[in-house]
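Just below is one structure, and these are the notes that go with it.
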Amino acid sequence: MTAVQNGIDEQAEDEAAYWAVLLQDRPDDAELYARFVAWRSASEHNALAWAAIQQTGDMIGKIPAAHRAQWGAFARNPAKAPRYRTLQRRQWLARATTWAGACVAACLVWTMVDWGGIGADYATGWGQTRHFVLADGTRVALAPHSALRLSHQPGQRVVELWYGEAYFDVRHDPDRPFSVVSHGVTTTDIGTAFDVAADTGSVKVQVAQGEVAVQPSRRAARSLKAAEATVVDTRTGVMQAERADALVGAWRYGQLSVQDVSMVEAIRRLRPFYRGRIVVLGKGVSKASVTGFYRLDNPVAALRLMAERHNIRVVALAPWLVVVTSF
């Protein structure tokens with residue numbers, strides 16, 4: 001069973017975005033159009049997802065109107081669409097319009113507030129970064145969609161990274177060690193600058209200068225020096241050594257640094273810097289390899305630059321919705 005958000009099935013929403021790309025690319029393909037009609041009529045979820053994407057795009061003026069003669073009626077005037085047993089036309093129009101308006105409002109709120117950071121001392125939303133100095137002089141850069149909490153413990157300096165990523169340029173004090181705790185993984189400064197990124201099921205630590213000690217819960221600590229990195233499985237505590245990025249914390253300078261990673265992984269790293277949703281469709285995206293530096297101030301342009309050497313399309317259906325697909 002797939003998840004449902006705001007009354008819309010996520011799988012149906014992804015499929016609707018995929019159909020939008022196909023129909024814009026091949027507006028005169030009768031067979032494709034017939035397949036689209038069959039998909040849309042297959043369920044109420046599909047009908048609502050299609051109406052939501054198209055009507056929301058119309059509201060913000062970003063969906064081109066080039067081929068509406070063929071398929072626009074399904075988005076702009078549901079009364080002209082065929083009647084399906086599962087949903088009457090009037091119900092469909094009311095629900096689609098309500099959801100489309102709610103979607104626009106939700107997207108605006110979503111880009112301004114990161115509700116997961118409530119209770120944190122420092123938090124950022126999608127596409128936001130923060131730079132600040134702690135009381136001890138340690139400089140911190142907080143990446144988008146991240147939350148940090150200060151933990152006051154006698155004789156120690158401890159911060160908790162709830163989620164996201166942060167770069168620490170630590171003011172070393174041997175009498176008061178500085179530690180970052182994230183999902184059971186403790187990284188302790190030994191005079192250094194380092195980056196910690198917490199993801200689902202893992203924590204990655206990269207050292208830019210000096211040395212740190214990384215210790216998963218119930219495991220022995222391991223030392224990391226400059227240009228070294230490790231990824232810790234938060235479920236098992238197993239650490240996997242890696243080489244640090246060419247420029248640790250490159251995101252602080254508005255750049256994404258990747259070396260021979262799959263495009264899916266590159267998109268995962270880019271995702272927090274985009275104020276909206278990125279939908280990935282097609283196995284070809286995961287097979288593409290990406291290397292280089294990409295600007296983070298324009299995530300859509302970065303995606304297109306990644307895709308240009310591969311048979312991959314990047315389509316911005318709206319300012320908050322981008323589809324990355326391989327045909």
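The values are calculated or read from the model by the stated rules, or taken from the named source; none is laboratory data. Since the structure is predicted, the reported quantities are computational estimates derived from the model, not experimental observations. As a convention, Cβ positions derive from the backbone with ideal geometry for all residues, glycine included, and neighbour counts pool all protein chains shown.
Odds and ends about this structure:
- Residue within segment 253-275 that is farther than 24 Å from Val324 by Cα and either surrounded by fewer than 16 Cβ atoms within 10 Å (Cβ to Cβ) or modelled with pLDDT under 90 (or both) present: yes
- Some residue of segment 302-320 being in contact with a strand residue (DSSP E or B) (Cβ under 7 Å, 6 or more places away or on another chain), without any contact (Cβ under 8 Å) to a residue 24 or more places away in the chain and not in a strand (DSSP E or B): yes
- Test set (1) of a type in the set (A, V, I, L, M); (2) at pLDDT 90 or above; (3) surrounded by 17 or more Cβ atoms within 10 Å (Cβ to Cβ) - Leu305 fails condition number: (3)
- In this structure, Phe194 qualifies as among the aromatic types (Phe, Trp, Tyr) and buried (at least 21 other Cβ atoms within 10 Å of the Cβ).
- The residues listed here are Thr230, Thr236; of these, the one that is outside the structural domain of Arg304 (by TED's automatic domain parsing) and not in a strand (DSSP E or B) is Thr236.
- For the residues Pro144, Pro154, the requirement of being modelled with pLDDT under 90 and assigned by TED's automatic domain parsing to the domain that holds Ser179 singles out Pro154.
- Test result for Gly201, of a type outside the set (A, V, I, L, M, F, W, C), under 23 Å from Pro144 (Cα atoms) and not assigned by TED's automatic domain parsing to the domain that holds His145: no
- Residue under evaluation Thr129, criteria (1) more than 19 Å from Leu270 (Cα to Cα); (2) modelled with pLDDT of 95 or more, criterion not met: (1)
- Residue match in segment 172-188 (condition: charged (D, E, K, R), outside the structural domain of Val258 (by TED's automatic domain parsing) and crowded, with 16+ Cβ neighbours inside 10 Å): no
- If you filter segment 146-156 down to residues that are crowded, with 22+ Cβ neighbours inside 10 Å and not hydroxyl-bearing (Ser, Thr, Tyr), you find that the one that is farthest from the chain's Cα centre (by Cα) is Leu148.
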